[in-house]
Amino acid sequence: MRTKLLLIFMFASAILQAQVAQWGTNGAATNILPNGLTTGVIKVRSNFGSYSAIKSDGTVVVWGKSERGGDPASVSSLTSVQEIYPLGVNAAEKLQRCFVAKKNDGTIYSWGDGLYGAGLSSKTGNKVIAHIAINYYSAIAIDNTGKFWGDGSYGADINTNYFDANDISNTQLSNITKISGNAGSYTAIRSDGSVLNWGLWAKKLSDTDALKSGVVSITSGYYNTSVLKDNGEVYTFGSNFPTPILKATNVASIVSTENSFAALKNDGTVVVWGGAQNDGGSQSDVDALNLTNVIKLASATGTSNRGAFAALKSDGTVVSWGNIDFKGNPSSLTNVIDIYGNYNGSFAALKSDGTVVVFGNLATGGTQSDVDALSLSNVFEIVPMGSYSFGGGFLARWNVNSAPTNISLSSSSVNENVSTGTTIG
C-alpha cells in the first residue's frame, strides 16, 4: 500500500499525509508544516474558513479561522473520529461555519461558530446519529427513527418554517437516505424517493406529484435547490422558484454556482438555468460554445452573484463560461482527466501526467506560479476548499516519492489562521 501525501493548496494550503504547504493573499507563497500533521493524515475537510484533518489514530487537527472551527483547543480531546462534516462536494454549498465529527460509536461532536451550529452535539448527547447536515446558519442531526436535533437559526427547527413549507414533522424524517443544505434550508430524500424541504426559502413539496418518488440526488446553490430524478428529470425550487419547476430532462449530473445550475445531459451536452451571465447561467453563452462530448462539470462561485462553470470534454480539453474573472482561459489545456472549482472563483485541472494547472480568479487559487512553486507531480486527487473573506483553495493528494522538498517545520500552533463545502449524509 503506497504512502500518500495530502496537500491543501491556495490560501488554504496543501495537506500531505506528512507535510503541509500553503500560500496566501495575492500569491504570497509560504511553505510550513503545522504541528500534528507530520504523519497519519487520512482525510481533510473544509468549511467557510477553516480546515480539519482526520488522522489514522482517530484524532483531529484543525487550523484556519478560529471562530469557524480552526481553534485547536476545540478538538484537543477528540478521539475515535471516522468522518467530519461538511464533506464538501459542490463549491456553492461550502458555506458552513462549524464542523461536526461523527465518532466510531455513532455519536457526534461539534465545534466552531456558536451561533451557527456548533452547539449541536450538546443537544444530541450520547444519541447515535444517522445523518448530519450543515448550512450557513445551522447544523442538524437525525437518527434512524427520524428524531431531529438542530442548532443555529434557519433550518434548525422543523416546526418553525419560513414561507410555505409548513407540513414537515418528525414522523416524516424516518427512512432518510440523503440530506443537503443550501444557505438557509435543508432538503432530504427518503427511501421511497420522496423529498422534503424545510427552513428559509423552503417550499411545500408534497403538492408536487413528481417529487413523491424517484428523487436520487440533491444539488444546492445559495438560494435554490435542484433535485435529480432517476428518469433524468430535474426540478428546482427555493427563493427564486415559488413552486418546483421542471428545468431539464435526460440529465446525468448537476453542479451550481450561487444562483445558477448547470446540468450535464446523458448525450454530453449542457443546459444551464437560474442566474445571469455573470453567474454562469446564460444558456446563450453555452450554446455559443457548441459543447458536445462533455464528461464532467465543475463550478467556481463567489459572493455578489458571481460564478463560472467549466466543462471537461472526452478529448481532455476544458471549456469555461460565466464571470470574466472566474472563468479564466483554459483553452490551451490538454490531457485533463478531472476538474474542480472552489468557492471564490478558481478552478484546478488534474492532468493525466499527475500535474496540476489552475485558472480563474488569480487572488484565490488561480495563479499558476503558486502551484508551480510546489513542484507537484503524481497528483491523483484534488479537493476544493471552502473560503472566508480571504479566498478559497484546493487540496491535492500525490505520491510520497514526488513530494516537494521545499517544506519547513513551523514551531507555531496548528491554528495558522491562514488567509484564505453537498453536505450529504
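The values are calculated or read from the model by the stated rules, or taken from the named source; none is laboratory data. Note that the structure is a prediction, hence the values are computed from the model and not measured. Here the Cβ positions follow ideal geometry from the backbone for every residue, glycine too, while neighbour counts run over all protein chains shown. Heavy atoms of the whole protein, side chains included, go into the accessibility calculation; ligands, DNA and RNA do not. Shrake-Rupley method; radii C 1.70, N 1.55, O 1.52, S 1.80 Å.
Expressed as a whole percentage, what fraction of the accessible surface of region 116-272 belongs to carbon and sulfur atoms when a 1.4 Å probe is rolled over the protein heavy atoms?
Details: 2420 of 5470 Å².
C and S atoms contribute 44 percent here.
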So SER352 and ASN104, fully extended at 0.36 nm per residue minus their Cα-Cα distance, gain in nm 85.7 nm
Taking the reciprocal of mean 1/r across every pair of different Cα atoms in region 39-79, the Kirkwood radius in Å is 10.0
So the carbon and sulfur contribution to the accessible area of region 295-377, 1.4 Å probe, in percent, is 49
In region 312-387, the trypsin sites (Lys or Arg not before Pro) that sit in a DSSP loop and have at most 13 other Cβ atoms within 10 Å of their own Cβ are none
Links exceeding 20 Å between C-alpha atoms in this model, out of LYS102/LYS204; LYS178/LYS212; LYS123/LYS204, come to LYS102/LYS204; LYS123/LYS204
To the nearest Å², the heavy-atom accessible area per residue of region 315-355 with 1.4 Å probe amounts to 37
Once the in-chain neighbours fewer than 8 apart are removed, the lysines whose Cα is under 21 Å from LYS313 read LYS265, LYS296, LYS327, LYS351
For region 49-125, dividing by residue count, accessible area per residue (probe 1.4 Å) in Å² works out to 31
Around GLY214 (Cβ within 13 Å, Cβ-to-Cβ, excluding GLY214; K/R +1, D/E -1) the net charge comes to -1
Per the rule of 0.36 nm per residue minus the C-alpha distance, extending SER377 to ASP315 adds in nm 20.2 nm
Stretched fully, the stretch from ASP207 through THR79 gains (0.36 nm per residue minus C-alpha distance, one decimal, in nm) 41.6 nm
